[in-house]
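S.K.: I'd like to ask you about the structure that follows.
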Amino acid sequence: MSGTELMSPESIASQRDAFIERFLGFASGTFSLFSIYIGDRLGLYRALAEEGPATSAELARRTGTHERYIREWLEQQTVTGILDVQDETHDSGARRFALPPGHAEPLIDCGSLNYMVPMAQLLVGAVRPLQSLLEAYRKGGGVSFDEYGSDLREGQAAINYPAFWQQLPYEWLPAILDLHDRLQVNPPAQIADIGCGYGWSSLGMARGYPHVHVDGFDLDEPSIERAQENARRNHLADRVHFQERDAGDPSLAGQYDLVTAFECVHDMTNPVGALATMRRLVKEDGTVLIVDERVGDTFTAQGNDVEWMMYGWSILHCLPVGMTEENAAGTGTVMRTDTLRKYAAEAGFRNLEVLPIEHFFFPFYRLTP
Ligand SMILES: C[S@@+](CC[C@H](N)C(=O)[O-])C[C@H]1O[C@@H](n2cnc3c(N)ncnc32)[C@H](O)[C@@H]1O
């Protein structure tokens, strides 16, 4: 019901109260996320996990932090249900706090598919340019990726790292049988990875397929520097190279067996231009693989399971970064299949197939040149 004239004062009051309860839940979740950011960045969770329960003074000593702040944070974490207190009736300085065993993996295991902390870092990054964002909402235009800073970049890389390192090479690509075969044989398959960020998708593919060569491209210089460092650290720099390039750059050349774009087409100011580049780079019998966000086929009031989150990223980050140029597409995170199909057709692809690979957040699209 939307018309207030149809509602009794009692119904309005009960709708109000239900909304206030949800509103308080919004605030509580926001506080929790920012508190998790503090615990992660200062190594507080890790210190509790590795060295055991601690008083505020012990934890401050272990982490080189200030006791008074740590005491407040520990108590906040306890009333929020993130940490346990062992002796709540003791004087505040004598209470000992612990990380519940089941909370360790989401909070500190950066290689786990259950690692959740990057979500907090991403959200902190997403609100960094809040004033520029309000300005863009008023006047149009966008907010540059650079303005979101290192928390956004790092959070993005960290949230996808476990899946790119484990599932991409050992589950997702093997599920595409003809591609899996091609990636295993000689001559070595050539892969281009567009919008590669810190490079974990490029490196994951090289990890799983020991013959392939991968060129990763991204227009963000700090991301490319980190990708190059990640390649060196993982001893893959001989087969994986990263370059700072705009996906729409007409001089981007080469012939590749596989061209990929992970979670980035919806961020691009000119997605059709980027797809046209991918069309140009792929061999006639090659594969173009787009992995983007799992959203519904159409807008509905309640959205699908994850649209509440996708719209959240969209209003704070993906839409504004996709609006930074004149005539920008302004796609936003909620890029529905039909939108991508239209972009792909405009870029010269004959067909778009949704692959039968199950993932909570990602759909997998194969484009036919
Ligand atoms: C959401 S991040 C995804 C990064 C990485 N693929 C991942 O899944 O973690 C989007 C990336 O696309 C890059 N990007 C946006 N527009 C681009 C363009 N026109 N050319 C190349 N990279 C672009 C951004 O710099 C950013 O690194």
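The values are calculated or read from the model by the stated rules, or taken from the named source; none is laboratory data. Predicted model only: the values in this text are computed from it and were never measured. Cβ atoms come from the backbone with ideal geometry, glycine included; neighbour counts cover every protein chain shown. To get the accessible areas, we keep the full protein, side chains included, count just its heavy atoms, and leave off ligands, DNA and RNA. Shrake-Rupley method; radii C 1.70, N 1.55, O 1.52, S 1.80 Å.
S.K.: For Val295, state whether it is within 16 Å of the ligand (Cβ to nearest atom), assigned to a loop (DSSP other than H, G, I, E, B) and either in contact (Cβ under 8 Å) with a residue 12 or more places away in the chain or under 16 Å from the mean Cα position of the chain (by Cα) (or both).
M.R.: On the way: within 16 Å of the ligand (Cβ to nearest atom): yes; assigned to a loop (DSSP other than H, G, I, E, B): yes; either in contact (Cβ under 8 Å) with a residue 12 or more places away in the chain or under 16 Å from the mean Cα position of the chain (by Cα) (or both): yes.
It is true that Val295 is within 16 Å of the ligand (Cβ to nearest atom), assigned to a loop (DSSP other than H, G, I, E, B) and either in contact (Cβ under 8 Å) with a residue 12 or more places away in the chain or under 16 Å from the mean Cα position of the chain (by Cα) (or both).
S.K.: For the range 135-151, what are the residues that are open to solvent by 80 Å² or more (accessible area, probe 1.4 Å) and without any contact (Cβ under 8 Å) to a residue 40 or more places away in the chain?
M.R.: Selection gives Tyr137, Arg138, Lys139.
S.K.: With respect to Arg245, determine if the residue is in contact with a Leu (Cβ under 8 Å, 6 or more places away or on another chain) and over 27 Å from Gln184 (Cα atoms).
M.R.: Numbers: in contact with a Leu (Cβ under 8 Å, 6 or more places away or on another chain): yes; over 27 Å from Gln184 (Cα atoms): yes.
The answer is yes for Arg245.
S.K.: Looking at (1) within 15 Å of the ligand (Cβ to nearest atom); (2) of a type outside the set (A, V, I, L, M, F, W, C); (3) more than 25 Å from Gln243 (Cα to Cα), which is the only condition Tyr170 fails?
M.R.: Every listed condition holds for Tyr170 apart from (1).
S.K.: Out of the residues in the range 220-229 that are surrounded by fewer than 22 Cβ atoms within 10 Å (Cβ to Cβ) and either without any contact (Cβ under 8 Å) to a residue 60 or more places away in the chain or away from the ligand (no atom under 12 Å from the Cβ) (or both), state the one that is farthest from Leu173 (Cα to Cα).
M.R.: Among them, the one singled out is Glu221.
S.K.: Count, please, the residues in the range 259-292 that happen to be outside any helix (DSSP H, G or I), open to solvent by less than 20 Å² (accessible area, probe 1.4 Å) and within 16 Å of the ligand (Cβ to nearest atom).
M.R.: Residues meeting the conditions: 10.
S.K.: Quick check, is Gly64 without any contact (Cβ under 8 Å) to a residue 12 or more places away in the chain and within 25 Å of Leu122 (Cβ to Cβ)?
M.R.: When the stated conditions are applied, Gly64 does not pass them.
S.K.: Inside the range 218-249, can you point out the residues that are in a helix (DSSP H, G or I) and more than 19 Å from Met268 (Cα to Cα)?
M.R.: Scanning the range 218-249 gives Glu225, Arg226, Ala227, Gln228, Glu229, Asn230, Ala231, Arg232, Arg233.
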